[in-house]
Structures are given as C-alpha cells and as structure tokens.
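Remarks on the structure that follows.
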Amino acid sequence: MAENNKDLFAFADFDEYESEHIAAPRYSYWKSVWRTFFKNKFTVATAIFMVCIVSFALIQPLKSGYSPMIAPNINNPAMKFLKPCKDYWFGTDNIGNSVFDAVWSGARNSIIISFICTGINMILGIVVGSIWGFSKKMDKWMIEVYNVVSNVPFLLLAMILTYVLGSGFKPLIFTMTVTDWIFVAYFIRTQVMIIRDREYNLASKCLGTPTWTIITKNILPYLISVIMTYISREIPSIISYEVFLSYMGLGLSSEYASLGKMISTYTSFMNGYPHLFWIPVGILAIISISLYIVGQRLADAADPRTHM
C-alpha cells in the first residue's frame, strides 16, 4: 500500500528565477488609454465628427481658392444676398461671395492659429513650469513676473502689440503667446510642487538622480491627464480669443479670412439676413465644443485611475 502511494506523488523541481515571476498581465499605459477612450461610443462618435470637421476645414479652402481680397461678384447685384441653395449651401453675402467658402476659410485660419499657439504655450509652459516648481531660487523672481503679467489686461496688451507690430498672422500668434505661456507655467509649477516631495521623489534625490531626470521620469508622466485637461481648454479658448480680437479689428489683417471679421461684418445684416450671422457663429461653436469634448474625454482616459 505504501509503495502504491509513492507512485502517486513526485517531487517538484525548484527554479529560483521562476519563483520570482509575478503572474500578472502585461500592462501598457498608452494601450490602456486608447482602450478606455474608445470604450465609450459617444466619445468615439464625437472624435470621428471632430476629425471630419477639422479635416474639412483644413482642406476645403485649399480646393475653393477663396480669398477675402477678391470679390468676383461685387458688381453683379443678382449674386448678392442669395439664400442657401444647391449651388451656394450657405448663400452669398453683401459682395456676392460664397458664405460657405468664407466660413471654412476663416475656420481654417482659426484652427491653425489655435494649434500653433497651444503648442508654443504648452511647450514653453511645461518646460519652464517644471523647473520653476523644483527651483526655489527661480520661484522667487518668477512669481513676481507672474504677478505683474496676470494683472495686465489681455485686451489692453493685445491692442498695444497690434499697434506696434501691425495686424497679421505672425503678429497675432506672437500676441497670443507672449504672456499666455506664463499662465501654463504657473499651473505646471503648482502641480509639480504638489508631488515633488513625495517619498519616491525624495528617494530618487537621495540616490543622486539628476533633477531633470526626476522631472521627466517621475513627475511629468504623472501629470499627463492634468496636462491633457489643460490642452482641452486651451485650444477652444484660443479660437475664441482669435475670433474676438478679429471681431474688434485687432486680429488678422484684411488679406486673411476670419470668423471674427465675418461675424462683425454680418452683424449689421441681422434684420434681413440673420443666417449670415448665425452660420459662422454656429460653425465656431461646433468646432470649439467638439474639440473640448474630445480633449476632456482623452484627459479622463489618460488618468490611470480609470484603467482599473
């Protein structure tokens, strides 16, 4: 009986390396981000809609060849103030130009300006803010710079820079970025200060890890969702600023199409032709809201706490 029991059992081999193996599924942060992002059907539909409308705004003006400096139908009264129809989807304006072409040309400029300005503001803001949050010496004088800049009205600064630099594409980008990156830097500085003294950062510092390595490896990855949230607000905000400045005559010059200039011009036709005013306003709202929603959803997906 004892011999039969010995046949039923066998000693297991011991493997030192195998004993250290953790039986857990492999985790990829960005795969988890996209999995979480595409899990929501509304988010996917909004993202597809945003990509389509932004792509159309960027491509359509290249095909139409619209220019606000050229008005081929200005001397033809029959082409002025046409209602939306098969040939002119959004109708024509007071000088006979296609409102459809004008709106998308203005939207293209607004999107390009917002993307460029957001990129400049975020790159400068993240780099400066990261160092600012770690350096106590830098904090002493940067906080004074921030206090001065934050108390200067943006519209007043924009007016002064417009008179000095003139209106145009590059001057407007400079106007929108000359101070805005400081607010991004202050936001990042606050976030860095919150987590810079946590145990794992103190341990890295005691082990002699360079400050910039701590920032790039320990801190910034932790702030990805926060940065994405800021970007989701920054892009629509800059679009609104550009439209407002152009509406006030402080933005793009007359050689560039602008939603702000269109809204300003078409306001006087509200009584007889209200669609001229509401069409560019509607396109502006659709682009801004879709960019904001997708940005917020991506920021939520970038939060590791949503990956459970």
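The values are calculated or read from the model by the stated rules, or taken from the named source; none is laboratory data. Please read all numbers here as calculations on a predicted model, not as lab measurements. Glycine also receives a Cβ, built like all others from the backbone with ideal geometry; neighbour counts cover every protein chain displayed. Heads up: the accessible areas ignore ligands, DNA and RNA and are worked out on the full protein's heavy atoms, side chains in. Shrake-Rupley method; radii C 1.70, N 1.55, O 1.52, S 1.80 Å.
Would you confirm, using the coordinates I've provided, whether V192 is in a helix (DSSP H, G or I) and touching a Ser or Thr at 6+ places or on another chain (Cβ under 7 Å)? When the stated conditions are applied, V192 passes them. State which residue is farthest from D93 (Cα to Cα) when the search covers only segment 237-268 and only residues that are among the aliphatic types (A, V, I, L, M), touching a residue at least 40 places away in the same chain (Cβ under 8 Å) and part of a helix (DSSP H, G or I). Here the residue is I238. Scanning segment 115-122 finds one or more residues that are in a helix (DSSP H, G or I) and small (G, A, S). Exactly one residue among F90, F81, F56 is touching a residue at least 40 places away in the same chain (Cβ under 8 Å), assigned to a loop (DSSP other than H, G, I, E, B) and under 34 Å from the mean Cα position of the chain (by Cα), and that residue is F90. The C-beta contact set for segment 35-48 (first residue open to solvent by less than 40 Å² (accessible area, probe 1.4 Å), second residue assigned to a helix (DSSP H, G or I) and of a type in the set (K, R), distance under 8 angstrom, 6+ apart or interchain) comprises F37/R297; T43/R297; T46/R297; A47/R297. Checking each residue in segment 103-138 for being over 25 Å from the mean Cα position of the chain (by Cα) and surrounded by fewer than 16 Cβ atoms within 10 Å (Cβ to Cβ) picks out S135, K136, K137, M138. Regarding segment 6-14, can at least one residue be identified that is open to solvent by 60 Å² or more (accessible area, probe 1.4 Å), basic (K, R) and at pLDDT 70 or above? Looking for residues that are open to solvent by 60 Å² or more (accessible area, probe 1.4 Å), basic (K, R) and at pLDDT 70 or above, one finds none in segment 6-14, hence no. Every listed requirement among (1) within 15 Å of P280 (Cα to Cα); (2) in contact (Cβ under 8 Å) with a residue 60 or more places away in the chain; (3) not acidic (D, E) is met by S98 save one, (2). Identify, please: which residue in segment 214-266 is aromatic (F, W, Y) and within 16 Å of A107 (Cβ to Cβ) and is, among those, least open to solvent (accessible area, probe 1.4 Å)? Looking at the filtered set, the residue picked out is Y266. Just one of the listed residues (F174, F154, F100) is within 26 Å of the chain's Cα centre (by Cα), over 30 Å from I215 (Cα atoms) and open to solvent by 40 Å² or more (accessible area, probe 1.4 Å), namely F154.
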